[in-house]
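Every number in this text was worked out from the coordinates using simple rules, so none of it is lab data. Note that this is a predicted model, so its numbers are computed, not measured. Note that we place each Cβ from the backbone using ideal geometry, even for glycine, and neighbour counts take in every protein chain shown.
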Amino acid sequence: MNTDYKCDVVINFTNGDVVIVVSGNGQTFSFRSGLGFMALPEFFLALTNLYKRETNKSKLDYHGNYDYYYFSSDGTYLQVERISPFTDETFYFIFNLKQYMMAVDKGFSKYLQHVQREKLLPAYKEEDEIINPLGNTVIKFYNDFSSVINN
């Protein structure tokens, strides 16, 4: 079984859609949301709190997500439950928590560098900064997440 973890991030700046795909331990899990400016801070906060053991479960099931996501952890493993309300299907994934977080950190960092290098981030007016899927709020939550996993 392949234990290498990999993460790819795609953000559509036109409509705010975000997709984070993590592969590892022979599984591939996709986190998708139509509201990246809301979903990304919640995603990073949920993982941070699980890693720090401030909680052992977290849910991301608000408007804008394509599916509902429930994360739980015993401190070593991360279990993800993805519920698709449109098909009434439930999918389960189990990952090594630290490897999953390290893959997300590396994948998101790589994506940020690519966006900055290629100057892909569109200009937002100051009053529209809140809806920017890579705005200040998203970057703050990502930096907090990254500092936890890298310390």
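Couplings 3J(HN,Hα) of segment 16-26, computed from phi: x, 5, 9, 9, 10, 10, 10, 10, x, 6, x Hz, in residue order, whole Hz [Karplus 6.51 cos²θ - 1.76 cosθ + 1.60, θ = phi - 60°; x for Gly and Pro]. Axis angle, to the nearest 10 degrees, between helix 97-117 and the longest C-alpha principal axis of the chain: 20 degrees. Look at Arg82, Arg53 and count the other Cβ atoms within 10 Å of each Cβ; fewest to most, that gives Arg53, Arg82. Rounded to the nearest 10 degrees, the inclination of helix 136-149 to the longest alpha-carbon principal axis of the chain is 40 degrees.
Under a 5 Å amide H cut-off, with hydrogens placed 1.01 Å from N, Tyr77 pairs with Leu97 among residues at least 5 apart or on other chains. Ordered by the count of other Cβ atoms within 10 Å of each Cβ, fewest first, Leu78, Leu120, Leu60 give Leu120, Leu60, Leu78.
Here the alpha carbons of the chain define both size measures, Rg and Dmax, at 15.0, 48 Å. Rounded to the nearest 20, the size of the Cβ-charge dipole of the chain about its Cα centre is 480 debye, with Lys and Arg at +1 and Asp and Glu at -1. Semi-axes of the equivalent ellipsoid for segment 16-69, computed as √(5λ) from the eigenvalues of its C-alpha gyration tensor and ordered from largest down, come to 18, 16, 9 Å. Take every pair of alpha-carbon atoms less than 8 Å apart whose residues are at least six positions apart; their mean separation over the length of the chain yields a relative contact order of 25 percent.
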